[in-house]
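Below are the structure tokens for one structure; questions will follow.
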Amino acid sequence: MILPIRAYGDPVLKRMAQDIGPDHPDLDQLIGDMFETMYAANGVGLAAPQIGQSIRLFVIDASPFADDEELEEAERTLLAGMKRVFINPYIVEEDGEKWPMEEGCLSIPNIREEVLRQPRIVLEYQNEKFEELEEEFTGFAARVIQHEHDHLDGKLFTDRLPLLRRKLLQGKLRDISMGRTDVSYKMRFPMSK
Ligand code: NI
């Protein structure tokens with residue numbers, strides 16, 4: 001089932017999400033719905049708060065980017081295997097010199113901005129079988145995970161922009177929260193009448 005994606009300004013996007021256990025109700029259904037919702041919106045990642053659930057869960061599928069011929073073979077192989085579910089994830093290491101990449105977010109349609117992040121992370125998380133894992137990610141995969149992980153801490157990529165840039169975007173962001181934006185997927189706007 002495709003779920004409406006919460007737009008900028010929705011309080012659930014600002015909340016710190018809570019850990020879940022294997023007994024979480026209808027978890028398989030929820031994960032399936034999140035993938036379906038993400039694909040319908042042509043997204044690379046989707047975090048549970050974006051569909052209104054303040055729990056530590058996100059899904060990503062970076063495999064379409066494995067076709068990018070500008071990437072090195074090793075990175076393409078890595079991305080091909082990047083259809084994944086992350087439960088109770090926590091970044092436990094983050095290092096390297098910050099690098100810029102243009103990011104967008106399904107909760108903030110039609111805005112893309114360069115965001116600085118560190119290139120290497122180590123993530124502790126559980127998979128769909130609730131097996132405990134610790135894994136290193138770099139490059140584009142790390143970038144996608146950092147963006148989704150931020151959602152679980154109530155943070156959006158706009159929170160990482162320089163103050164001036166953020167000020168310049170204020171009007172556009174307010175428009176989005178009121179539903180004044182062109183979007184082809186199902187959304188819920190906090191301030192629309
Ligand atoms: Ni996002």
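Applying the selection to the stretch 40-74, what residues are open to solvent by 60 Å² or more (accessible area, probe 1.4 Å) and not in a loop (DSSP other than H, G, I, E, B)?
64, 65, 67, 73, 74
If I ask for residues that are surrounded by fewer than 17 Cβ atoms within 10 Å (Cβ to Cβ) and assigned to a helix (DSSP H, G or I), which ones from the stretch 142-159 would you list?
159, the sole residue that qualifies.
Of the residues in the stretch 79-115, how many are closer than 27 Å to residue 37 by Cβ and either open to solvent by 80 Å² or more (accessible area, probe 1.4 Å) or within 13 Å of the ligand (Cβ to nearest atom) (or both)? Let's see the steps before the verdict.
Our first condition is that a residue be closer than 27 Å to residue 37 by Cβ; within the stretch 79-115, this holds for 79-91, 101-115.
Going one step further and asking which of them are either open to solvent by 80 Å² or more (accessible area, probe 1.4 Å) or within 13 Å of the ligand (Cβ to nearest atom) (or both), we end up with 83, 90, 102-115.
Summing the residues that are closer than 27 Å to residue 37 by Cβ and either open to solvent by 80 Å² or more (accessible area, probe 1.4 Å) or within 13 Å of the ligand (Cβ to nearest atom) (or both) in the stretch 79-115 gives 16.
For the stretch 116-159, give me each residue that is within 21 Å of residue 64 (Cα to Cα) and within 12 Å of the ligand (Cβ to nearest atom).
143, 144, 145, 146, 147, 148, 149
Of 100, 119, which residue is modelled with pLDDT of 95 or more and either among the polar types (S, T, N, Q) or in contact with a helix residue (DSSP H, G or I) (Cβ under 9 Å, 6 or more places away or on another chain) (or both)?
119
Here's a check for you: in the stretch 1-23, which residue that is part of a helix (DSSP H, G or I) and not basic (Lys, Arg) is most open to solvent (accessible area, probe 1.4 Å)?
Filtering the stretch 1-23 for residues that are part of a helix (DSSP H, G or I) and not basic (Lys, Arg), the one most open to solvent (accessible area, probe 1.4 Å) comes out as 11.
The values are calculated or read from the model by the stated rules, or taken from the named source; none is laboratory data. Since this is a predicted model, take the numbers as computed values, not measurements. Heads up, the Cβs are rebuilt from the backbone with ideal geometry, glycines too, and the neighbour counts pull from every protein chain shown. The area values use the complete protein model at the heavy-atom level, side chains included, leaving out ligands, DNA and RNA. Shrake-Rupley method; radii C 1.70, N 1.55, O 1.52, S 1.80 Å.
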